[in-house]
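Visitor: The following block contains the structure, expressed as structure tokens.
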There are 10 protein chains.
Amino acid sequence: MNDAKTELGRKILKLKKQKSLKWADIAARITMSPVWTCALCMGQMSAEPQHARGIAEILGLDEEEEATLCEIPYRGAQPMPPTDPLIYRFYELVLVYGTSWKEMIQEEFGDGIMSAIDYDMLLERLPDQKGDRVKITMTGKFLSYKRY
Amino acid sequence: MNDAKTELGRKILKLKKQKSLKWADIAARITMSPVWTCALCMGQMSAEPQHARGIAEILGLDEEEEATLCEIPYRGAQPMPPTDPLIYRFYELVLVYGTSWKEMIQEEFGDGIMSAIDYDMLLERLPDQKGDRVKITMTGKFLSYKRY
Amino acid sequence: MNDAKTELGRKILKLKKQKSLKWADIAARITMSPVWTCALCMGQMSAEPQHARGIAEILGLDEEEEATLCEIPYRGAQPMPPTDPLIYRFYELVLVYGTSWKEMIQEEFGDGIMSAIDYDMLLERLPDQKGDRVKITMTGKFLSYKRY
Amino acid sequence: MNDAKTELGRKILKLKKQKSLKWADIAARITMSPVWTCALCMGQMSAEPQHARGIAEILGLDEEEEATLCEIPYRGAQPMPPTDPLIYRFYELVLVYGTSWKEMIQEEFGDGIMSAIDYDMLLERLPDQKGDRVKITMTGKFLSYKRY
Amino acid sequence: MNDAKTELGRKILKLKKQKSLKWADIAARITMSPVWTCALCMGQMSAEPQHARGIAEILGLDEEEEATLCEIPYRGAQPMPPTDPLIYRFYELVLVYGTSWKEMIQEEFGDGIMSAIDYDMLLERLPDQKGDRVKITMTGKFLSYKRY
Amino acid sequence: MNDAKTELGRKILKLKKQKSLKWADIAARITMSPVWTCALCMGQMSAEPQHARGIAEILGLDEEEEATLCEIPYRGAQPMPPTDPLIYRFYELVLVYGTSWKEMIQEEFGDGIMSAIDYDMLLERLPDQKGDRVKITMTGKFLSYKRY
Amino acid sequence: MNDAKTELGRKILKLKKQKSLKWADIAARITMSPVWTCALCMGQMSAEPQHARGIAEILGLDEEEEATLCEIPYRGAQPMPPTDPLIYRFYELVLVYGTSWKEMIQEEFGDGIMSAIDYDMLLERLPDQKGDRVKITMTGKFLSYKRY
Amino acid sequence: MNDAKTELGRKILKLKKQKSLKWADIAARITMSPVWTCALCMGQMSAEPQHARGIAEILGLDEEEEATLCEIPYRGAQPMPPTDPLIYRFYELVLVYGTSWKEMIQEEFGDGIMSAIDYDMLLERLPDQKGDRVKITMTGKFLSYKRY
Amino acid sequence: MNDAKTELGRKILKLKKQKSLKWADIAARITMSPVWTCALCMGQMSAEPQHARGIAEILGLDEEEEATLCEIPYRGAQPMPPTDPLIYRFYELVLVYGTSWKEMIQEEFGDGIMSAIDYDMLLERLPDQKGDRVKITMTGKFLSYKRY
Amino acid sequence: MNDAKTELGRKILKLKKQKSLKWADIAARITMSPVWTCALCMGQMSAEPQHARGIAEILGLDEEEEATLCEIPYRGAQPMPPTDPLIYRFYELVLVYGTSWKEMIQEEFGDGIMSAIDYDMLLERLPDQKGDRVKITMTGKFLSYKRY
């Protein structure tokens, strides 16, 4: 179902390279965050018309491609368990920290979950003498299990 | 191989409840972070003797249990895909954001990964009028793929 | 992690039978819905103290069992795909109607999901000359994908 | 086996968008329900000639496509577990509520199942101050296990 | 959930051997078919009180075991794919004949399924000079897919 | 390896529809049973030359297609577990009746299996006031486990 | 279902070691082949009374254990893919030679299979200067696919 | 990686049929065994130049195809568990006899395995009044586990 | 995502053969190790411009192919468990030695892992009278689990 | 089948800790390598009597435990994919380097494999200013695929 969005993602990666653009540049053009903009271009988010417009302009996409950016994807093309080491490390965090997230979030908020829908994320470089670090900050709305 | 650490984890959850302690209380006693302390108690980390000492004192563990805290676990008891909704949401983030993490980290750092070993995490409550949010901040050392 | 809740579930099924109680009877005692009450007793929900109190009284549970009802479960003990034909039929609905739910909900609400957390359900018997029907009514809060 | 129906489904989604039609519009044309009409167009149901006729007219399909709507599909193209979050939430309901459905349906009807074949469904928007809700009403004929 | 029914099944196999009974003997006692009676004893069906009574008498079961026969099982303990060659052959029939069953049943009855709930089966020995044959006769109610 | 047989199967389904033939019509032409003829056309059996001849004549196949009917297939293209509800019901029968088949066949014949190779099947419509039934009669040669 | 046969297998391995017996010794006592005798003791075959008698005498088994040898097993306890290297090599042969077995057996015998039920096997040491070899000779009755 | 070898295998099966050749004929031409020759043509072995030469001549292959025969394959295209009944029976032998092979080979040779690399196989027809049998003789070098 | 790198890998294998080059030859040209050079060409590593330059020159690649060598791959195309016997043996080493690696590395270094990123490998032929040996030497930086 | 060896492994880990022994100490006592000695104690190898003797003496094992060390294990208890990060990294090496090992070993040795049976391994600490490294050296006999 996502063939068009996947194919567009590949094309965007090429265009981005040719034009020496960074995700931050594309994001700045549409006044959105780089992570969300990247996820959109990788075919995992749906744009509002003005976002699609801005991206089409900066990258030189045609009308159909612009429309494709607005389509809601069938999410989750990532193979599981991930075979790529960079992505696998996040999977490993779920293996190792899953129960801790559960115990700590419930201690603080009670019975419920952290939303992965009403959710945002920030990715930064943290300079460090012993080697720079990747810093990821995420916030998700806490949703209480309804008792009815 | 982890039977002792798993069993101890269950006991700690009970003791913690009986004594009305929070992870932050236990962590404060050993001057470590709450997330790491929780992961240690859930059987996913290994303590140094002084940490085990402090936890044994605050919870009232015996010597063998104290030693068990110091043992290095066979990590990753979490079933995959997670059946629990709270934990599943993190798995879903890997499905949805996996490729974006890869593209963004590589754009910034080049070919390599974010370490899940030289890694730390902070979990906070973010007050929000539309509903409080879970905030997770993680940093992991960037490791470059060696070319040899 | 759920051993206590699973074991309690079995005991409750026996007590319920011995006392000739229906889920509606137990639910009425705590002024909650039968579906939620049943899910709670089957170890998939967490009770507030007054609910646990009422159930303990009507079924004759001891204090520890009452506390067990209040514990937050590691949800999702159901084997997948379900081997039991009654439960499998619901799994089959996901196979057959999954894409239709996606297209229809998105047409109406835009990009997002129906919450399975802020969610309730009603189960009724619908008399029908050609054979009575099971009627299930569920509502879940629509959550919009955050664009950030 | 379903290539033709899957391909037709994609084409219908495009035509529907171009013509600014809603599932309810298409359904009204053939006097059927929107959910069934959507499931038919997504390649999961088989039409009777008059339904195919109506849909072909409103969308502008050719004869072969009209015939394709009447073909009985090999059902169940949905990947399991679903990778798309909207569809996954229904899968999660089976994980969490599977045993409750079993206990409650059997309490009321005895040994048997709710049919997923003699089955219908209604999908509505439920206005709610705290956020509108998706409301799904389904009925399925109860089928008793034959004792012979 | 089926521990009691599984354990009872093992005991019945032993008692049946000690008493040199055949499934036909047990079935005759309760005026039911041998296949259903065997499936009941193997923990896959639920008895009505009079059936449980008869089986308890002929085998010498106690009251609790008699009640266990009446309980509705969580069906489907059979590992899949079956590792036992006798059972695997039936699985192989699904692999080889699945599409033929679909085409032939639909040709005759239209869009729908053969019920596995309103279903019965007969197992016989068919004498044959080239080697006796197992003869299985099954009938299941045809259920039409509802169009709504 | 079966691409040619699979493709031919699709073509035969179309031709059969265009010519308004039933499996029984095609089978009658080659004096074979409808089930076997259908399984052959679906690419799961190999024809003898005279069968291929007859089918080619009635359907209008060319020489290469006729030869394809005679090829021995790599059997078992059916996905497992089956996603199509009609086919799944047979899989469910293995889940529910697997152990009963084993106990009953062994009681009657001793240690061995029912052959799925020296095997035949008949599919009929059984008129019934409460709804017509699918009737399947199968016989398979019993094969004793060799003791050597 | 095979707990008794599995446990007996372990006991036989111990007794065989204590008594310094070889499979050939046990097999000679009952005038059967060593492979079948070993498979019987490992819980994968069923004995006739005289075989069970002989094995009980040579190993010193009690009456219940003797009866256990006669029981028909639920075969196939071997995990797949095999984790043990010795057993895995046979699995690898299926991976590598599967299609060759199919083409060669069908070339010689036509459409059918080699029976794994009417089957026997011999295992020998083949002296060889470059290192002794394991020699396995197996014969299985060819079974033709029935055309009906 | 094996696309060329797989495609060549299909072509060889066709040519072999057109020229009415048997594996034994092709094998005789290159003075190798029929099983190895068949495995080579099915894309699971690598030829030495003179073997490829002979096969190219007898079947009429071009130079590139001849070279393809010499390439070392990525072995093991066979789906597991095998869906084809003929191949599945060998898989079943691993399920049923796996532990017996282990116990018997180790009794005779000590700790080690039978090589599946320094391995050969012979496939014959064994005439038998009760139905001819497939006879397979295999020898594999015994390799001792190194203790170091 | 790796289609271009995989396709290039196939082309390089052909060119390397045509030009009678060894991995060591290609590696020498860019002053890198043969293992890394091979992994790069097989699509599992990313080159720096000068490496891509050298490989393009020695093999005669065009500019786009040269750029493809510099792209960071989505790693891990290898099917698991490996079906190829050569690759499977390494998988088997993980099965057999996994726990030993864990115990020995932790004994020497404490809690942590051997990096598979800051990692290098050397592959040599070790002459040996009883048959030459493959010698693999690998070093990976030890990474301590952070306690925070 | 390995219960005794697994249980003994756990006991040895405790005894080794109590006696402050290193694998090198135990290995020195029996004049074997530390890796093999560790693998033996972890239940993955079989000892010769003198090795078992030495280990029993240094650790204080009883006669039955000494005999258990000599038993040949059913190898491969390691879960796959490994959940423990240290062990997973080796699995990842197979994912990333599998095809390179294949191409490089075959370039040097022709068609065959590196034995995992006639195999040895050395594990060392490699001091390094940027962080010490784990160094693993392994050699395995090359085995040529037999052409017959």
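The values are calculated or read from the model by the stated rules, or taken from the named source; none is laboratory data. Everything numeric here is computed off the predicted structure, so don't read it as measured data. Every residue, glycine among them, receives a Cβ derived from its backbone with ideal geometry; neighbour counts consider all protein chains shown. For accessibility, only protein heavy atoms count, side chains too; no ligands or nucleic acids. Shrake-Rupley method; radii C 1.70, N 1.55, O 1.52, S 1.80 Å.
Visitor: Looking at (1) within 19 Å of the chain's Cα centre (by Cα); (2) of a type in the set (A, V, I, L, M); (3) within 12 Å of chain J (Cβ to nearest Cβ); (4) under 19 Å from residue A:135 (Cβ atoms), can you tell me which one residue B:77 breaks?
Guide: (4)
Visitor: Another question about this same structure. Can you find a residue that is touching a residue at least 40 places away in the same chain (Cβ under 8 Å), open to solvent by less than 20 Å² (accessible area, probe 1.4 Å), under 20 Å from residue D:110 (Cβ atoms) and part of a loop (DSSP other than H, G, I, E, B) anywhere in the stretch E:36-46? Can you show your working first?
Guide: Filtering the stretch E:36-46 down to residues touching a residue at least 40 places away in the same chain (Cβ under 8 Å) leaves E:36, E:43.
Adding the requirement that they be open to solvent by less than 20 Å² (accessible area, probe 1.4 Å) leaves E:36, E:43.
When the remaining residues are screened for being under 20 Å from residue D:110 (Cβ atoms), the result is E:36, E:43.
This time we only want the ones that are part of a loop (DSSP other than H, G, I, E, B), so: E:43.
For the stretch E:36-46, residues touching a residue at least 40 places away in the same chain (Cβ under 8 Å), open to solvent by less than 20 Å² (accessible area, probe 1.4 Å), under 20 Å from residue D:110 (Cβ atoms) and part of a loop (DSSP other than H, G, I, E, B): present.
Visitor: Can you name every residue in the stretch A:77-90 that is within 29 Å of residue A:51 (Cα to Cα) and modelled with pLDDT of 95 or more?
Guide: Filtering the stretch A:77-90 down to residues within 29 Å of residue A:51 (Cα to Cα) leaves A:77-79, A:86-87, A:90.
Once the filter is applied, which keeps residues that are within 29 Å of residue A:51 (Cα to Cα) and modelled with pLDDT of 95 or more, the stretch A:77-90 yields A:86, A:87, A:90.
Visitor: On the given criteria, is residue B:60 crowded, with 22+ Cβ neighbours inside 10 Å, of a type in the set (Gly, Ala, Ser) and modelled with pLDDT of 95 or more?
Guide: Details: crowded, with 22+ Cβ neighbours inside 10 Å: no; of a type in the set (Gly, Ala, Ser): yes; modelled with pLDDT of 95 or more: yes.
The answer is no for residue B:60.
Visitor: Next question, about the same structure. Tally time: how many residues in the stretch J:127-141 are closer than 15 Å to residue I:87 by Cα and open to solvent by 20 Å² or more (accessible area, probe 1.4 Å)?
Guide: Residues flagged as closer than 15 Å to residue I:87 by Cα and open to solvent by 20 Å² or more (accessible area, probe 1.4 Å) within the stretch J:127-141 amount to 1.
Visitor: Hey, another quick one. Which one of these does residue J:83 not meet: (1) within 14 Å of chain G (Cβ to nearest Cβ); (2) in a loop (DSSP other than H, G, I, E, B); (3) surrounded by fewer than 22 Cβ atoms within 10 Å (Cβ to Cβ)?
Guide: (1)
Visitor: Also: Among the residues of the stretch B:32-46, how many are under 26 Å from residue B:134 (Cβ atoms) and either of a type outside the set (A, V, I, L, M) or away from chain A (no Cβ under 14 Å) (or both)?
Guide: Just the residues of the stretch B:32-46 that are under 26 Å from residue B:134 (Cβ atoms), to begin with: B:32-45.
Still in the list and also either of a type outside the set (A, V, I, L, M) or away from chain A (no Cβ under 14 Å) (or both): B:33-34, B:36-38, B:41, B:43-44.
So the answer is 8.
Visitor: Please state which of the following conditions residue B:120 fails to meet, knowing it meets all the rest: (1) in the same structural domain as residue B:24 (by TED's automatic domain parsing); (2) surrounded by fewer than 20 Cβ atoms within 10 Å (Cβ to Cβ); (3) touching a residue at least 40 places away in the same chain (Cβ under 8 Å).
Guide: Condition not satisfied by residue B:120: (1).
Visitor: Got at least one residue in the stretch C:75-96 being closer than 23 Å to residue C:27 by Cβ and out of contact with any Gly (no Cβ under 8 Å at 6 or more places or on another chain)?
Guide: At the first step, the residues of the stretch C:75-96 found to be closer than 23 Å to residue C:27 by Cβ are C:75-78, C:86-87, C:90.
Next cut, out of contact with any Gly (no Cβ under 8 Å at 6 or more places or on another chain) only: C:75-76.
Yes, some residue in the stretch C:75-96 is closer than 23 Å to residue C:27 by Cβ and out of contact with any Gly (no Cβ under 8 Å at 6 or more places or on another chain).
Visitor: Could you tell me whether the stretch B:105-112 includes any residue that is among the β-branched types (Val, Ile, Thr) and within 20 Å of the chain's Cα centre (by Cα)? It would help to see each step written out before you state the result.
Guide: Residues of the stretch B:105-112 that are among the β-branched types (Val, Ile, Thr), as a first pass: B:105.
Add one more test, that the residue is within 20 Å of the chain's Cα centre (by Cα), and what stays is none.
Within the stretch B:105-112, not a single residue is among the β-branched types (Val, Ile, Thr) and within 20 Å of the chain's Cα centre (by Cα).
Visitor: So which residues in the stretch D:102-121 are over 24 Å from residue D:39 (Cα atoms) and in contact with a helix residue (DSSP H, G or I) (Cβ under 8 Å, 6 or more places away or on another chain)? Working first, answer last.
Guide: Restricting attention to the stretch D:102-121, the residues satisfying the condition of being over 24 Å from residue D:39 (Cα atoms) are D:102-112.
D:102, D:103, D:104, D:105, D:106, D:107, D:112 - these are the residues of the stretch D:102-121 that are over 24 Å from residue D:39 (Cα atoms) and in contact with a helix residue (DSSP H, G or I) (Cβ under 8 Å, 6 or more places away or on another chain).
Visitor: Does residue H:6 count as hydroxyl-bearing (Ser, Thr, Tyr), free of Cβ contacts under 8 Å to residues at least 40 places away in the same chain and part of a helix (DSSP H, G or I)?
Guide: Values: hydroxyl-bearing (Ser, Thr, Tyr): yes; free of Cβ contacts under 8 Å to residues at least 40 places away in the same chain: no; part of a helix (DSSP H, G or I): yes.
So residue H:6 does not fit the description; no.
Visitor: I need the full set of residues from the stretch D:119-148 which are small (Gly, Ala, Ser) and within 18 Å of residue C:141 (Cα to Cα), in order please. If you could, list the steps in order and put the result at the bottom.
Guide: Of the residues in the stretch D:119-148, the ones small (Gly, Ala, Ser) are D:131, D:140, D:144.
Matches in the stretch D:119-148: D:131 only.
Visitor: Can you find, within the stretch G:63-80, the residue that is most open to solvent (accessible area, probe 1.4 Å) among those that are assigned to a helix (DSSP H, G or I) and of a type in the set (D, E, K, R)? Steps first, please.
Guide: First, the residues of the stretch G:63-80 that are assigned to a helix (DSSP H, G or I): G:63-70.
Those still in the list that are of a type in the set (D, E, K, R) too: G:63-66.
On the way: G:63: 155, G:64: 130, G:65: 33, G:66: 31 Å².
Applying the filter and picking the extreme gives G:63.
Visitor: Out of the residues in the stretch D:117-148 that are more than 8 Å from chain C (Cβ to nearest Cβ) and assigned to a loop (DSSP other than H, G, I, E, B), which is farthest from the chain's Cα centre (by Cα)?
Guide: My answer is D:148.
Visitor: Moving on to the next point. Contact list please: Cβ distance under 8 Å, first residue in the stretch F:105-116 and surrounded by fewer than 21 Cβ atoms within 10 Å (Cβ to Cβ), second residue part of a helix (DSSP H, G or I), pairs at least six apart or on different chains.
Guide: Pairs found: F:106/E:86; F:107/E:23.
Visitor: Filter the stretch D:6-31 down to the residues that are surrounded by 20 or more Cβ atoms within 10 Å (Cβ to Cβ), within 12 Å of another protein chain (Cβ to nearest Cβ) and touching a Leu at 6+ places or on another chain (Cβ under 8 Å) and list them by number.
Guide: Residues satisfying the conditions are D:12, D:16, D:26.
Visitor: Could you list, in sequence order, the residues of the stretch F:11-35 that are of a type outside the set (A, V, I, L, M), part of a helix (DSSP H, G or I) and over 22 Å from residue F:125 (Cα atoms)? Can you show your working first?
Guide: Pass one, the stretch F:11-35, residues of a type outside the set (A, V, I, L, M): F:11, F:14, F:16-20, F:22-23, F:25, F:29, F:31, F:33-34.
Now drop any that are not part of a helix (DSSP H, G or I), which leaves F:11, F:14, F:16-18, F:23, F:25, F:29, F:34.
Selection gives F:11, F:14, F:18.
Visitor: Another question about this same structure. Considering every residue within the stretch J:39-51, establish whether at least one is in contact with a strand residue (DSSP E or B) (Cβ under 9 Å, 6 or more places away or on another chain) and at pLDDT 95 or above.
Guide: yes
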